[in-house]
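A.B. asks: This structure is in structure tokens; I'll ask about it shortly.
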Amino acid sequence: QRKNILYQNSLSPQNVGTKFYPFSKQSILAQIYQDQKVTQVSFKELHYHAHKILPQRVESLYKLMTNKLVIKNKLGFIVEDPFRYNRVTIKNNKTNWGSCSGKRNINLNINLIRLPIALMDYVIAHELCHLVYFNHGSNFHSMLNVITGGREKELSKQLNKFKLL
């Protein structure tokens, strides 16, 4: 099922709401603890912050993407709410940063909040793009590249430097 993407505006890293700066270089934990070199956080603190912050980030990126992109199906009709998701689940995965199910559920790794915001948002945007394209084809990467302001390859390379804990 081929879809066409109409780009209303390019997405750029700018403030789109209170304390929402997509694709920032600072990590959420650094902002919370006001320390650029936060490394040791208890699992209880990590769990608390991840469950508080990650669903909010998904919702913020969902709204941003929904307002900026128009998706058309192969017949030329606009797809209503293409980034709609059912549920966000936070897990302590050992093998991936995130996943998206056929039931439109998004699963995110609890350790995402340890990453710079740019990489955390990249993973979330990646999973939201899977709600439109359930593969890693050229259309998927084109959309993700637009969402990340042309930085998809750069962010992907940066993410590959981080190891799951």
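Bear in mind these aren't lab numbers, they're just calculated from the coordinates by the rules spelled out. In this text the structure is predicted, and so the values were computed from the model without any measurement. Backbone-built Cβ (ideal geometry, glycine too); neighbour counts: all protein chains shown.
A.B. asks: Using θ = phi - 60° and the Karplus relation 6.51 cos²θ - 1.76 cosθ + 1.60, list the HN-Hα couplings for region 54-69 in order, rounded to whole Hz, with x at every Gly or Pro.
C.D. replies: The phi angles translate into 4, x, 5, 5, 4, 4, 5, 5, 4, 5, 4, 5, 5, 6, 9, 10 Hz.
A.B. asks: A follow-up question, please. Which value, in debye to the nearest 20, describes the size of the charge dipole of region 90-165 about its Cα centre when Lys and Arg Cβ atoms bear +1, Asp and Glu Cβ atoms bear -1, and nothing else is charged?
C.D. replies: In debye, rounded to 20, region 90-165 gives about 280.
A.B. asks: Using each residue's phi in region 131-137, evaluate 6.51 cos²θ - 1.76 cosθ + 1.60 at θ = phi - 60° and report the 3J(HN,Hα) Karplus result to the nearest Hz, with x for Gly and Pro.
C.D. replies: Per-residue couplings from phi come out as 6, 9, 10, 8, 8, 10, x Hz.
A.B. asks: Can you list residues whose amide H is under 5 Å from residue 72's amide H, if they're 5+ apart or on another chain and H is modeled 1.01 Å from N?
C.D. replies: 4, 5, 6, 79
A.B. asks: Run the simple label-point estimate for residue 80 and residue 136 please: 7 Å along Cα→C-beta, distance reported in nm.
C.D. replies: Reported label-point gap for residue 80 and residue 136 is 3.4 nm.
A.B. asks: While we're on this one: Among the aspartates and glutamates, which have Cα under 20 Å from the Cα of residue 63 when same-chain residues fewer than 8 positions away are ignored?
C.D. replies: The qualifying aspartates and glutamates are 80, 81, 121, 127, 152.
A.B. asks: Given the pairs 68/157; 103/153; 68/153; 52/72; 94/157; 91/153, which span a C-alpha to C-alpha distance of over 23 angstrom in this model?
C.D. replies: 68/157; 103/153; 52/72; 91/153
A.B. asks: Turning to a different aspect of this structure: For a quick check: with amide H placed at 1.01 Å from N, whose amide H comes under 5 Å from residue 149's, ignoring anything fewer than 5 positions away on the same chain?
C.D. replies: 11
A.B. asks: Sequence-distant or interchain residues sharing an amide H contact under 5 Å with residue 92, placed H: which?
C.D. replies: 110
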